[in-house]
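**Student:** Below is a structure I'd like to ask you about.
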Amino acid sequence: MVNKKAFYIFLAGTLTSLAIFLGLTWDTHRQVDALTNADKLSEQVVAGKRVWEKKNCNLCHTILGFGVYYAPDVTKVHKRIGTEGIKQVVLQPEVVFKDSFRKMPNLGVTEQEATDLAAFLEWVSKIDNHDWPPQDSEERMSAAERRATGGAGLSRGAAAFQQNCIGCHSIGGAGGSIGPALDTIGATYDAATVAAYIAEPTSVDPQSTMPPQTTVSDDDRSAIGEFLAKQQ
Amino acid sequence: MAEAAVLQTTMTEAAPEKVTGGEEVLVPYASQRVAYWYFVIALALFVLQLLVGLWLGISYAFTIPQNIVDALPFGLTRAMHTNLLVLWMLLGFMGGTYYLVPEEAEREIYSVKLAYIQLVAFVATGVIALVGFAFGWTQGKPILEIPTPLDFVVVIGALIFLFNVAMTVIKGKKTAILGMLLGGLVFLALLYIFGMPFYRNLTIDWFYWWWVVHLWVEGAWELVTAAILAFVLIKVTGVDRRVVEKYLYIETALFLFTGLAGTGHHYYWIGAPSTWLWIGGIFSAMEVLPIIAMVIDTFRTQRQKGVVIKDKVVWTFAVGTAVGHLIGAGVFGFAHTLPQINYFTHGSQVTASHGHLAFFGAYALLNFTMFWYAMPKLRGVRKVDATAAISGFWIMSLAVLGLGVAMAVAGIIQTYVERVLGQGFMVAQANMQFWFKVVLVFGVVLIVGLLMTFWQMVFAKEAPGEQEATV
Ligand code: HEM
Ligand code: HEM
Ligand SMILES: [Fe+2]
């Protein structure tokens, strides 16, 4: 009977594909610990994941590219703005995004929850996911960013700016919008003042809301200062 | 009732259900009537889904002040939009199943009471879930937001449903369509379980999230769709059952062969092994084949010698399902399924565009096909206003097409500005806002089309004029 044959084709096709699928699922479980640095998957990271879920962050943001497309992807956000940057955004979004045309709600996140979230996002940013997303890929450091930070042959200051500041500040239209664009900052501050500003913003501007960039070395701070002083 | 059953067995599949006395039996089995409330509630939830959708579009197109954003977070409405979608579609499938099974198995549903209990369980879960979201009672995982205790109610509801359908089939006639339908439904229910636990590792979390979402829409739901379409095809065109069944097997074989391993197209960038890029890319690219086969099959049926289309409205929706499936899932799915392209489009409005076109083209239209087949009969309406019904089809379909294309344009802008040029996310969004205004316009048109259809289906009186054979 024709339909019997058709039924066996159905069975064979399904089972082949199922075997491949389950085989690869097994392989994924085998490799996932190495690919995601499971040894660093601490209780604090898990606590951060729970906050992420409790506060519905995923219903505006994507993570690993999944979720909702209303707000920036946060897979590599820790590389862009760091622990302090994340905490500032989450604790006071109404301040950080007051000039933005799209707002993030204040979700009543506590200091502790914000720290856990940052730990979670730091862990996520180190998942080996084939260098996605493209806009955060260091390998593919975009042409626009290279243009923005000084064209061919990146100076040390430009490179350090790119590494530490571009997540929050833009130059030439490329970069983040949490802090102001720095295209003409050289007209306001000289190199030494910028270097001081980076380490302790309130020492220069008592009103400043920028988190101190404690992970930037002294040499990098001076180099960034010289680079920015030239932006007029 | 018993008389009707006897009548059914003596009829050939396609013959109009005429009782010798001249009176027509529209619904041969009394228990088929449970489908009515499933359909009406599904339709109402669809209306609600679209109203909430408008707020999403507004949030994209305009600046919402901080105090409103704090009070009515975007995420709440987005959770409602997708949960309502899944709920109404599942209710539609279940109602469709209850309508179809008695005619196929040639006996009454095992327990009508269970069917109503189960309906109440699902609707109550839905209402509690939606109200719960507003109070922050959520699992925070897109589409699978409902909290674990409610998950268990869903599972119990699903078990009741499966038991009820299985008992009916076991005691009645067994057909290939019933086998496929039941297989798809069991598969569907099993997959849901993988979305329930809390996973510590985010990568594993999303890995199993797709076991629900992908294996539903590109696996289990396809089986249910194929079975329901096959049933309608036989009823509306009167083609030979054996031919339809043969294609049913071949198409579902292709769906599962490509769709299971094709899950890999969601595992490219999540921290899973590289093998998925190959397997996912190749198998998911082939997912287009069964969809093309379905379209060819539908048109082949129509052209067959001696086939008379007995219900223009149902047939319009059935062909629309096949073509909509091809556009939304086939063309728009294929467009971003290869890793080389997906690297740039992943998680952008390109995805949202495909999501809308595919869900509407494949599953909303499928549900409407069944609704239009069953609702007039359930209401005792012998002739519907075909022109109004078919214009409803065109208004809704073109509105969704417009909405989907506008999102696709926004998505291409986003991909280029954010991912290729490396400008900020918000710079890209600023350039996309216009297209969300276009989305809103089409959204309003869609709501008008749906309300028209709702009214036609649920309230409109019998159309005047010659009585048409109601299949
Ligand atoms: C009727 C069947 C289908 C439906 C209802 C559907 C629906 C969806 C939805 C809602 C999403 C987004 C999920 C999310 O991230 O929230 C999605 C993603 C996706 N779909 Fe489909 N789909 C269907 C068929 C297909 C087919 C046949 C293909 C390929 C040929 C495909 C390719 C994709 C890809 C590549 C993505 C991931 C997009 C990304 O990376 O962001 N889909 N689909
Ligand atoms: C009034 C018309 C509609 C409007 C204005 C609208 C708007 C939206 C918006 C703005 C989103 C959020 C996209 C995101 O950021 O993730 C969304 C998500 C979604 N909508 Fe709609 N929608 C409408 C109708 C529909 C219909 C008819 C369907 C299906 C039959 C549908 C299915 C979905 C799905 C599946 C998602 C999730 C997409 C994804 O994750 O990629 N919507 N909708
Ligand atoms: Fe998929």
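**Student:** Taking the range A:116-151 on its own, how many of its residues are among the hydroxyl-bearing types (Ser, Thr, Tyr) and at pLDDT 85 or above? I'd like the intermediate steps shown before the answer.
**Tutor:** Our first condition is that a residue be among the hydroxyl-bearing types (Ser, Thr, Tyr); within the range A:116-151, this holds for A:125, A:137, A:142, A:149.
Then keep just the ones that are at pLDDT 85 or above; that gives A:125.
Final tally of qualifying residues: 1.
**Student:** Between B:VAL448, B:VAL439, which is more than 12 Å from every other protein chain (Cβ to nearest Cβ), surrounded by 18 or more Cβ atoms within 10 Å (Cβ to Cβ) and hydrophobic (A, V, I, L, M, F, W, C)?
**Tutor:** Values: B:VAL448 fails: surrounded by 18 or more Cβ atoms within 10 Å (Cβ to Cβ).
One residue alone meets the criteria, B:VAL439.
**Student:** If you scan the range B:275-292, which residues turn out to be over 21 Å from the mean Cα position of the chain (by Cα) and within 11 Å of another protein chain (Cβ to nearest Cβ)?
**Tutor:** Across the range B:275-292, the qualifying residues are B:THR275, B:TRP276, B:LEU277, B:TRP278, B:ILE279, B:GLY280, B:ILE282, B:PHE283, B:MET286.
**Student:** Which numbered condition in (1) of a type in the set (Gly, Ala, Ser); (2) within 9 Å of ligand 1 (Cβ to nearest atom); (3) surrounded by 19 or more Cβ atoms within 10 Å (Cβ to Cβ) is the only one that B:ALA335 fails?
**Tutor:** All conditions pass for B:ALA335, except number (3).
**Student:** Go through the range B:91-104 and give me each residue that's touching a Leu at 6+ places or on another chain (Cβ under 9 Å) and either surrounded by fewer than 22 Cβ atoms within 10 Å (Cβ to Cβ) or among the charged types (D, E, K, R) (or both).
**Tutor:** Of everything in the range B:91-104, just one residue is touching a Leu at 6+ places or on another chain (Cβ under 9 Å) and either surrounded by fewer than 22 Cβ atoms within 10 Å (Cβ to Cβ) or among the charged types (D, E, K, R) (or both), namely B:GLU104.
**Student:** A follow-up question, please. Among residues belonging to the range B:309-348 that are in a loop (DSSP other than H, G, I, E, B) and in contact (Cβ under 8 Å) with a residue 24 or more places away in the chain, point out the one that is farthest from the other protein chains (Cβ to nearest Cβ).
**Tutor:** Per the criteria, the residue is B:ASP311.
**Student:** Among the residues of the range B:403-424, are any acidic (Asp, Glu), within 12 Å of chain A (Cβ to nearest Cβ) and either closer than 30 Å to A:ALA174 by Cα or surrounded by fewer than 21 Cβ atoms within 10 Å (Cβ to Cβ) (or both)?
**Tutor:** First, pick out the residues of the range B:403-424 that are acidic (Asp, Glu): B:418.
Within this subset, residues satisfying the condition of being within 12 Å of chain A (Cβ to nearest Cβ) are B:418.
Still in the running and either closer than 30 Å to A:ALA174 by Cα or surrounded by fewer than 21 Cβ atoms within 10 Å (Cβ to Cβ) (or both): B:418.
Yes, the range B:403-424 has at least one match.
**Student:** Report whether or not B:VAL236 is more than 11 Å from ligand 1 (Cβ to nearest atom) and touching a Lys or Arg at 6+ places or on another chain (Cβ under 7 Å). Full working, then the answer.
**Tutor:** Working: more than 11 Å from ligand 1 (Cβ to nearest atom): yes; touching a Lys or Arg at 6+ places or on another chain (Cβ under 7 Å): yes.
Yes.
Yes/no per residue for (1) within 14 Å of another protein chain (Cβ to nearest Cβ); (2) away from ligand 2 (no atom under 16 Å from the Cβ):
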residue	(1), (2)
B:PHE255	yes, yes
B:HIS265	yes, no
B:PRO273	yes, yes
B:MET294	no, yes
B:GLN304	no, yes
B:VAL307	no, yes
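**Student:** Quick one: count up the residues across the range B:122-169 that are in contact with a strand residue (DSSP E or B) (Cβ under 8 Å, 6 or more places away or on another chain) and among the basic types (Lys, Arg).
**Tutor:** 0
**Student:** Working carefully through the options B:PHE198, B:PHE163, find the one that is away from ligand 2 (no atom under 16 Å from the Cβ) and more than 30 Å from A:LYS76 (Cβ to Cβ).
**Tutor:** The match here is B:PHE163.
**Student:** Based on what the data block shows, is B:LEU56 within 26 Å of B:MET375 (Cα to Cα), more than 16 Å from ligand 3 (Cβ to nearest atom), surrounded by 20 or more Cβ atoms within 10 Å (Cβ to Cβ) and of a type outside the set (Phe, Trp, Tyr)? Even if it seems obvious, please write down each step before you answer.
**Tutor:** On the way: within 26 Å of B:MET375 (Cα to Cα): no; more than 16 Å from ligand 3 (Cβ to nearest atom): yes; surrounded by 20 or more Cβ atoms within 10 Å (Cβ to Cβ): yes; of a type outside the set (Phe, Trp, Tyr): yes.
No.
Here is a yes/no grid of residues against (1) more than 21 Å from B:GLY96 (Cβ to Cβ); (2) modelled with pLDDT of 50 or more:
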{"site": "B:ALA4", "(1), (2)": "no, no"}
{"site": "B:VAL19", "(1), (2)": "yes, no"}
{"site": "B:GLU24", "(1), (2)": "yes, yes"}
{"site": "B:VAL27", "(1), (2)": "no, yes"}
{"site": "B:PHE39", "(1), (2)": "no, yes"}
{"site": "B:LEU43", "(1), (2)": "no, yes"}
{"site": "B:LEU48", "(1), (2)": "no, yes"}
{"site": "B:GLY53", "(1), (2)": "yes, yes"}
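**Student:** Something else: Evaluate the following for A:ILE81: is it without any contact (Cβ under 8 Å) to a residue 60 or more places away in the chain, more than 8 Å from every other protein chain (Cβ to nearest Cβ) and either in contact with a helix residue (DSSP H, G or I) (Cβ under 7 Å, 6 or more places away or on another chain) or part of a helix (DSSP H, G or I) (or both)? Quick ask: steps written out before the conclusion?
**Tutor:** On the way: without any contact (Cβ under 8 Å) to a residue 60 or more places away in the chain: no; more than 8 Å from every other protein chain (Cβ to nearest Cβ): yes; either in contact with a helix residue (DSSP H, G or I) (Cβ under 7 Å, 6 or more places away or on another chain) or part of a helix (DSSP H, G or I) (or both): yes.
So A:ILE81 fails the test.
**Student:** Can B:ILE390 be described as free of Cβ contacts under 8 Å to residues at least 24 places away in the same chain and of a type in the set (Val, Ile, Thr)?
**Tutor:** Working: free of Cβ contacts under 8 Å to residues at least 24 places away in the same chain: no; of a type in the set (Val, Ile, Thr): yes.
Answer is no for this residue.
**Student:** Limited to the range B:54-104, what total is found for residues that are more than 21 Å from B:GLY404 (Cβ to Cβ), within 9 Å of chain A (Cβ to nearest Cβ) and small (Gly, Ala, Ser)?
**Tutor:** Here the count works out to 3.
**Student:** Now, a different point. Residue check, B:ARG107 against (1) away from every other protein chain (no Cβ under 14 Å); (2) within 16 Å of ligand 3 (Cβ to nearest atom); (3) in a loop (DSSP other than H, G, I, E, B), all met but one. Which one?
**Tutor:** (2)
**Student:** Next question. Of the numbered conditions (1) at pLDDT 95 or above; (2) touching a Leu at 6+ places or on another chain (Cβ under 6 Å); (3) not small (Gly, Ala, Ser), B:PHE133 satisfies every one except a single condition; which is it?
**Tutor:** Condition (1) is where B:PHE133 drops out.
**Student:** Of all residues in the range A:63-78, how many are within 16 Å of ligand 3 (Cβ to nearest atom) and without any contact (Cβ under 8 Å) to a residue 40 or more places away in the chain?
**Tutor:** Residues flagged as within 16 Å of ligand 3 (Cβ to nearest atom) and without any contact (Cβ under 8 Å) to a residue 40 or more places away in the chain within the range A:63-78 amount to 2.
**Student:** Follow-up question, since we're still on this one. With the requirement that a residue be within 16 Å of ligand 2 (Cβ to nearest atom) and on the phi > 0 side of the Ramachandran plot, what does the range B:211-253 give you?
**Tutor:** Within the range B:211-253, none qualify.
The values are calculated or read from the model by the stated rules, or taken from the named source; none is laboratory data. All figures in this text were calculated on a predicted structure; none of them were measured in a lab. A quick note on method: Cβ atoms are made from the backbone with ideal geometry, for glycine too, and the neighbour counts reach across all protein chains shown.
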